[in-house]
Amino acid sequence: MTDFKAMFLKEWQELFNIPKPGPGFLWALMATPLGRLLILVAMLIITVGAMGDSFLANAGTLGLVFLIPFLFVSTIVVDSFAGERERGTLDTLLASRLPEWAIFFGKVGAPIVAATLAMLAASLGSWILALFMFGSRAAAVFPPSFLGAIPFSTLLVGVLGAGVSALVSERSASVRNAQQGVTYGALGVSLVIALPINSLPASVRQHLLAMLLSLSPGLTTAVLLTVLIGLDALLLYIALRRFVRLRLFDR
Amino acid sequence: METAIRVEKLSRQFGPLRAVAEMSFEVPRGTIFGFLGPNGAGKSTTIRLLLGLLLPSAGRAEVLGCDCSREGENIRQHTGVVFHNDGLYDRLTAEQNLAFYARVAHLTEGEGKRRVGELLTRAGLAGRAREPVRRFSRGMRQKLALARALLSSPSVLFLDEPSSGLDPAASASLHADLLDLAEEKGVTIFLTTHNLSEEQKLCHQIAVIRDGRIVAAGNPNKLMEEMIQSPGVRIFGHFGDGDFPALLADFPGVAGMEKGEDNLHLTLEAGASISDILKFVLASGAEITEVIRDRGSLEEVYLALMEEEENDRF
C-alpha cells in the first residue's frame with residue numbers, strides 16, 4: 001500500500017500543482033490539468049443553467065455527464081503513460097523498486113478520483129444554480145437521485161477511459177500517437193455499433209426501440225451497469241497484464 | 001577486493017540487431033568503472049540488463065551477488081540510476097521530486113525530510129527547493145538527478161552520460177561528487193560517457209565497446225601505455241649550435257626529431273631508453289631545464305581502437 005500511496009500522491013501533485021500567482025497566471029493555470037478540469041466542470045454548470053428544464057430531457061446534453069469524465073481521465077492517463085515515456089521519466093520510474101501494479105494503479109487512480117470529485121462539485125454547483133433559477137421547483141428539474149448518480153457514473157466512465165487509454169498508451173512512443181490511437185479507437189467502436197443499427201430497415205429499428213422501452217428501467221440500468229463494470233474490469237486487467245517492465249523495455 | 005558487478009558472456013539481441021555480444025567484465029566494490037563507446041554501441045542496453053529491466057539472450061550478470069535475470073527487484077532496491085535523460089518531473093518542485101523517491105525508498109516521513117534537506121543542501125539547491133524543476137538549468141537538473149539517485153544510499157550507482165551538456169564548472173563539481181562517493185562512501189559507480197577526459201580523470205577501470213563487444217578493457221593509464229605506439233618526449237633547454245641535433249636524430253631509439261625555439265621533441269621507438277638519451281644530450285654540452293614525457297590521451301587510444309575495428313570490418 002505504501003508504494004501505491006507514493007505513486008498516487010506523485011500523480012496527484014502533478015495534477016494539482018498550481019502555478020505561482022503573477023502576470024499570466026490564468027493562462028498558466030489553464031494549461032495545467034487542474035485548469036482543464038475547471039473548464040470542463042464550468043462547462044457542465046453553464047449548460048445546466050442555460051438549458052434549465054430541458055437539460056434532463058435532452059440526450060445530447062446528458063451525454064456531457066459521461067463525456068466530461070471520459071475526456072478528462074483519458075487525456076491525463078495518456079499523458080501519464082505515453083507522456084512519461086516521451087519525457088524520459090518512465091525509464092527512471094521503472095528502474096526504481098516500485099512494483100508495476102503500484103505504478104499502474106497510482107497512474108490511473110489519481111485522475112479517476114480527481115474526475116469523480118470534480119463531477120461531484122459540478123453537480124452540487126448545478127444544484128445550487130437550479131435552486132436560484134427554479135426555487136422550489138429545483139428538485140423536479142434537477143432530481144437529487146440524478147445528483148447522486150453523477151459521481152457513481154463518473155467513476156465507472158472514468159475507469160473505462162483510464163482502461164482504454166492505458167491500454168493504448170502503454171507502448172506508444174509519444175502522447176500524440178496515443179491520443180490518435182484513443183480517438184481512432186473510439187471512432188471505430190462508434191462506427192461498429194452505429195453502422196449495423198443504421199443499416200437495419202426502419203421497421204426493425206422501431207420494433208427494437210419499442211422492445212427496449214418496454215423493459216423495466218431498473219432492469220435496463222442493472223444490465224447496463226453490469227456490462228460497464230465488466231468492461232471496466234476487463235480493460236484494467238488487460239492493461240495491467242501488459243504493463244510489465246520486461247515488455248516495456250523490449251523495443 | 002569484493003566484486004560489485006560480474007558479467008559473463010552477456011548477449012542481447014533485438015530481432016536481427018545484436019546490441020550486446022558476449023560481454024564479460026568485473027567491477028570491484030567502491031571503484032568507478034567507465035563504459036566508453038560511440039552512440040548505439042550498447043552502453044544503455046547493458047545498464048538495463050544489469051538493472052533487470054531486460055532479459056539477456058545469453059550469458060549472465062550479477063549485481064551485488066544478485067542474478068540480474070531473476071532478482072531485478074532486489075537489485076533495484078540497492079542501486080541508484082541516472083539515465084541520459086534526467087528523469088525529473090518538470091511540473092513538480094525539486095523538493096517534491098526528491099520526496100516522491102524518498103517515499104518510493106520507504107523512508108519514514110521524518111527520515112525522508114531530513115535526507116531530502118541534506119541532499120538538496122549538498123547539491124547547492126536548498127534555496128530553490130520549492131521551484132518547479134522546469135526552471136532549472138541543465139547543471140542544476142543533473143545535480144538534482146544525482147541527489148535523487150543517492151536518496152536510498154545505494155551501493156551501486158549507474159550513470160548514463162552524467163556530464164553531457166554540463167559547463168566545465170558544473171562538470172568539475174560533478175566529478176568531485178563522484179570521487180567523493182566512491183572514495184569516502186565506498187559506492188561503486190558504473191559510468192557511461194562520451195567525455196574521454198572524464199573517464200581518464202575519474203575511472204579506475206574502463207571498457208571500450210563497439211557494436212556490443214568489448215574491444216579493450218583495463219586501467220586507463222595502462223591502456224594508454226599499451227596503445228600509444230610511438231611515445232615521445234619533449235626536452236626544454238639550451239642546445240647550442242653545431243651538429244648535435246643531427247647526431248641526436250641518429251641516436252638508437254630515436255625515431256624522429258623536431259626542433260622548436262627552446263625545445264626538442266623526440267619521437268621514440270618502442271623500448272627506447274630515455275635516460276640514455278638524456279645522458280647523451282648532457283654529454284654533448286646542452287643544458288636541460290625541463291623534460292616532459294608525452295603521455296598521450298584516452299582520446300588517442302579510443303580513436304585508435306575505433307580505427308582498428310573499422311579496418312577489421314573491411
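Looking at this structure, is A:ALA149 small (Gly, Ala, Ser) and either part of a helix (DSSP H, G or I) or under 16 Å from the mean Cα position of the chain (by Cα) (or both)? I'd like the intermediate steps shown before the answer.
On the way: small (Gly, Ala, Ser): yes; either part of a helix (DSSP H, G or I) or under 16 Å from the mean Cα position of the chain (by Cα) (or both): yes.
Yes, satisfied.
Rundown of residues vs (1) within 26 Å of the chain's Cα centre (by Cα); (2) assigned by TED's automatic domain parsing to the domain that holds B:LEU49; (3) not hydroxyl-bearing (Ser, Thr, Tyr), yes/no style:
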| residue | (1), (2), (3) |
| --- | --- |
| B:ARG103 | no, yes, yes |
| B:ALA182 | yes, yes, yes |
| B:HIS194 | yes, yes, yes |
| B:SER197 | yes, yes, no |
Among (1) away from chain B (no Cβ under 14 Å); (2) within 23 Å of A:TRP12 (Cα to Cα), the one test that A:ALA57 misses: (2)
Restricting attention to segment B:113-131, does a residue exist that is within 14 Å of chain A (Cβ to nearest Cβ) and either in contact (Cβ under 8 Å) with a residue 40 or more places away in the chain or buried (at least 20 other Cβ atoms within 10 Å of the Cβ) (or both)? yes
Within segment B:78-97, how many residues are of a type in the set (A, V, I, L, M, F, W, C) and closer than 17 Å to A:LYS5 by Cβ? 1
Failed criterion for A:ALA122 (all others in (1) of a type in the set (A, V, I, L, M); (2) modelled with pLDDT under 90; (3) crowded, with 20+ Cβ neighbours inside 10 Å; (4) closer than 24 Å to A:VAL164 by Cα hold): (4)
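Before we move on, is B:THR108 among the polar types (S, T, N, Q) and without any contact (Cβ under 8 Å) to a residue 24 or more places away in the chain?
yes
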State which residue pairs qualify: first residue at positive phi and inside segment B:183-196, second residue among the small types (Gly, Ala, Ser) in any location, beta carbons under 9 Å apart, and separation of 6 or more residues or different chains. B:GLY186/B:GLY30; B:GLY186/B:SER155
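Could you look through segment B:95-112, keep only residues that are among the aliphatic types (A, V, I, L, M) and facing chain A (nearest Cβ under 8 Å), and pick out the one that is surrounded by the most Cβ atoms within 10 Å (Cβ to Cβ)?
The qualifying residue surrounded by the most Cβ atoms within 10 Å (Cβ to Cβ) is B:VAL104.
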If I filter segment B:86-94 for residues that are facing chain A (nearest Cβ under 7 Å), in contact with a Leu (Cβ under 6 Å, 6 or more places away or on another chain) and in a helix (DSSP H, G or I), do I get at least one hit? no
Can B:LEU88 be described as in contact (Cβ under 8 Å) with a residue 12 or more places away in the chain, touching a strand residue (DSSP E or B) at 6+ places or on another chain (Cβ under 8 Å), assigned by TED's automatic domain parsing to the domain that holds B:ARG210 and aliphatic (A, V, I, L, M)? no
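For segment A:88-103, indicate whether the set of residues that are under 20 Å from A:PHE152 (Cα atoms), part of a helix (DSSP H, G or I) and either without any contact (Cβ under 8 Å) to a residue 24 or more places away in the chain or under 21 Å from the mean Cα position of the chain (by Cα) (or both) is non-empty.
Restricting attention to segment A:88-103, the residues satisfying the condition of being under 20 Å from A:PHE152 (Cα atoms) are none.
Scanning segment A:88-103, I find no residue that is under 20 Å from A:PHE152 (Cα atoms), part of a helix (DSSP H, G or I) and either without any contact (Cβ under 8 Å) to a residue 24 or more places away in the chain or under 21 Å from the mean Cα position of the chain (by Cα) (or both), so the answer is no.
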Please count how many residues of segment B:34-73 are over 11 Å from B:VAL7 (Cα atoms), among the basic types (Lys, Arg) and either within 9 Å of chain A (Cβ to nearest Cβ) or surrounded by fewer than 22 Cβ atoms within 10 Å (Cβ to Cβ) (or both). 2
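Could you tell me how many of the residues in segment B:129-154 are within 20 Å of A:ALA95 (Cα to Cα) and not in a helix (DSSP H, G or I)? Explain how you work it out, then say what you get.
So in segment B:129-154, the residues within 20 Å of A:ALA95 (Cα to Cα) come out as B:141-154.
If we keep only those that are not in a helix (DSSP H, G or I) as well, we get B:151-154.
Residues in segment B:129-154 being within 20 Å of A:ALA95 (Cα to Cα) and not in a helix (DSSP H, G or I): 4 in total.
Every residue in segment A:221-245 that is part of a helix (DSSP H, G or I) and surrounded by 13 or more Cβ atoms within 10 Å (Cβ to Cβ), please. Even if it seems obvious, please write down each step before you answer.
If we filter segment A:221-245 for residues that are part of a helix (DSSP H, G or I), which is where we start, we get A:221-242, A:245.
Hits for segment A:221-245 are A:LEU225, A:LEU228, A:ILE229, A:LEU231, A:ASP232, A:LEU235, A:LEU236, A:ILE238, A:ALA239, A:LEU240, A:ARG242, A:ARG245.
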Within segment B:114-128, is even one residue of a type in the set (Asp, Glu) and either over 22 Å from A:LYS5 (Cβ atoms) or outside any helix (DSSP H, G or I) (or both)? yes
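Given the condition over 30 Å from the mean Cα position of the chain (by Cα) and either exposed (fewer than 15 other Cβ atoms within 10 Å of the Cβ) or at pLDDT below 70 (or both), answer yes or no: does some residue in segment B:291-314 qualify?
no
The values are calculated or read from the model by the stated rules, or taken from the named source; none is laboratory data. Computed from a prediction, not measured in an experiment: that's the story for all the values here. In this analysis, Cβ positions are derived from the backbone assuming ideal geometry, glycine residues included, and neighbour counts consider all displayed protein chains.
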